[in-house]
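Heads up: the structure comes next, in structure tokens.
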Amino acid sequence: RATMKSLRFISAEAFVSNAEFARKSLSTVAYDLFPLLFKASYLLEQGEVIHDLVEKWPLFEFNMGKLLGATLDYQEDLSHRTCSMCLESCLTGLRDYVLNRSSPYIKKLKVVDLTGIRDVEVQFCKCKKTMGRWARTQLLSKLCLELLVYLQQEQCNPGTFEISINVLIDLFVTERNYELVVQALLKKCCCPLKICCVAFRSDNLTLQKFFYIIKLTDPSLLRKLEVVHNVHLEMEHLEILFNSIHFPLLMSLTLPARTFNVQRFTATDEQMLTNIGEKMGEMTQLTELCMSFSILTGRIQKLLSPLKTPLKMLDVSNCSLNHADMAYLANSFHANHLEALDLSGHDIPELYPSTFFKLLSHSSPVLRSLTLEDCNIQDTHVNMLILGLSPCQKLQEFKFIGNPLSSQALKHLFRFLCELPMLKNVEFPVPRDCYPIGITYPIDDASLCRFDHQKYESVAEELNLILLQANREDVKASTPLFGSYDAAVQETNNELGAYLIKSFKETLEKFTTSFNKMS
């Protein structure tokens with residue numbers, strides 16, 4: 001659907017479409033037109049113009065989210081366009097802003113905010129080449145170090161050393177870019193561009209490197225911390241982290257799989273868990289918590305009850321919760337504030353149906369995203385599910401892949417889903433009748449793709465027709481067999497794969513050595 005443009009925006013597009021003319025004329029352009037010209041240049045992918053606009057930026061702030069977001073002149077939000085050429089032009093323009101020989105007294109820029117950029121699966125830029133969060137981290141670190149080398153070697157205007165610009169960014173660090181980012185953070189005090197880490201994600205790092213770099217990021221500024229793949233952070237390490245580092249502004253925390261395992265708990269471990277809960281309670285801004293694939297049976301209350309701020313997002317997928325855990329969640333003060341909830345991997349109909357629906361009832365006025373993958377929801381449960389979802393009028397996203405539902409049950413459910421006014425995204429399972437008779441759930445990876453694809457396509461077409469007939473073309477329905485899109489994994493999958501192969505090889509070598517000793 002075409003988005004309306006104001007005459008101002010159409011004029012800005014015409015101005016920047018001739019790159020040579022636009023670049024020559026920037027010195028005569030009124031300061032308040034720079035944001036308008038920037039968005040027009042970004043839309044048309046005019047890299048050279050973008051670079052020069054940033055190099056000559058006349059305002060105190062450069063906020064990518066605001067500049068590319070919906071404006072009166074052009075309503076379309078471009079912040080999800082992570083066009084490599086446009087972003088590289090922005091960042092090199094920022095470096096050249098510092099090096100530009102114009103008088104430092106007219107350089108007003110104090111804050112650059114890159115946190116509003118959103119990484120999405122489908123890119124609309126013409127070049128189709130994206131610059132994800134990892135690559136942005138890499139490039140900014142590289143440019144900061146290059147800037148320092150240049151300033152030391154060249155005869156610069158003395159005022160250049162007075163320039164101090166805070167660059168707010170969501171850092172993404174893996175083994176591959178670790179050394180570069182560490183060097184940039186260590187030399188932050190000398191560099192005119194100050195990396196300010198607002199969100200930090202770490203994958204494929206040793207614990208020693210993780211602890212070292214997290215201290216360098218200035219944790220007092222950190223709002224989001226994600227420790228995800230191949231960082232072996234277990235409960236005792238988490239306690240050390242929280243005891244040694246204070247996170248006063250932390251709003252969102254993601255912990256790696258198997259951080260907790262209550263099956264092997266001792267009295268010391270119980271105390272450790274209590275300490276971690278209390279430390280999380282001191283994080284007064286914490287509203288998002290992801291602890292998937294840990295074993296937390298019977299310990300949810302101990303971990304969450306010290307929190308003073310209600311959670312808005314909770315992911316406890318595949319955490320082996322029992323009835324006591326679900327009862328605590330349903331009756332806790334968090335229940336009334338949950339906007340996103342993931343309970344995947346729990347047999348909800350069998351273990352705690354009434355308690356789950358009580359939780360759903362309490363969160364229904366605010367719930368926006370619900371994920372119930374591999375929850376053993378069968379045809380006989382669909383009417384009850386519809387009853388539970390009916391009050392969730394703000395629901396935007398519902399994911400329930402991996403459940404043994406027939407095509408008839410899915411059609412029945414879809415007719416109801418059409419009635420949820422805010423719904424935008426549905427992830428539904430391959431119908432049970434598309435798989436061979438006797439398939440068992442949860443389906444293992446080897447059998448996941450062994451279904452009647454022609455029959456599935458036919459059912460998917462019928463489901464989309466139900467949406468179409470209800471005038472709900474705005475709802476996207478899909479079946480991502482191997483999970484939802486993860487921009488970070490997509491960007492670093494080669495490194496992740498290499499790391500997994502290395503780990504597997506090391507495990508195999510240890511096993512072989514042990515076996516030979518036994519022999």
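The set of residues in region 280-312 being over 22 Å from E234 (Cα atoms) and of a type outside the set (S, T, N, Q) consists of K308, P310, L311, K312. Cβ separations smaller than 7 Å between residues 6+ apart or across chains give the following pairs from region 152-165 residues that are within 13 Å of N100 (Cα to Cα) to residues that are in a helix (DSSP H, G or I): N157/P104; G159/P104; T160/V98; T160/P104; T160/L151; I163/V98; I163/P104.
Selection of first residues in region 311-334 that are outside any loop (DSSP other than H, G, I, E, B) and of second residues that are open to solvent by 30 Å² or more (accessible area, probe 1.4 Å) and modelled with pLDDT under 95, restricted to Cβ pairs under 7 Å at least 6 apart or on distinct chains, gives the following pairs, ordered by first then second residue: H323/L351. Residue pairs whose Cβ atoms lie under 8 Å apart, sitting 6 or more positions apart in sequence or on different chains, and linking a residue in region 27-50 that is closer than 18 Å to T92 by Cα to a partner that is acidic (D, E), are K39/D73; G47/E88. Among the residues of region 191-233, those that are touching a residue at least 60 places away in the same chain (Cβ under 8 Å), open to solvent by less than 10 Å² (accessible area, probe 1.4 Å) and closer than 17 Å to N177 by Cα comprise A199, D203, N204. Counted as qualifying within region 39-129 are no helices (runs of 4 or more DSSP H), as none has 1 or more residues that are of a type in the set (S, T, Y), within 21 Å of L143 (Cβ to Cβ) and open to solvent by 40 Å² or more (accessible area, probe 1.4 Å).
For region 286-303, residues that are over 15 Å from P256 (Cα atoms) and touching a Ser or Thr at 6+ places or on another chain (Cβ under 7 Å) total 4.
Would it be correct to say that I240 is in contact (Cβ under 8 Å) with a residue 40 or more places away in the chain, among the aliphatic types (A, V, I, L, M) and in a helix (DSSP H, G or I)? So I240 does not fit the description; no.
The values are calculated or read from the model by the stated rules, or taken from the named source; none is laboratory data. Keep in mind that what you see is a predicted model, and the values were worked out from it rather than measured. All Cβ positions, even for glycine, are placed from backbone atoms using ideal geometry, and neighbour counts span all protein chains on display. These area figures cover heavy atoms from the full protein model, side chains too; ligands, DNA and RNA do not enter into them. Shrake-Rupley method; radii C 1.70, N 1.55, O 1.52, S 1.80 Å.
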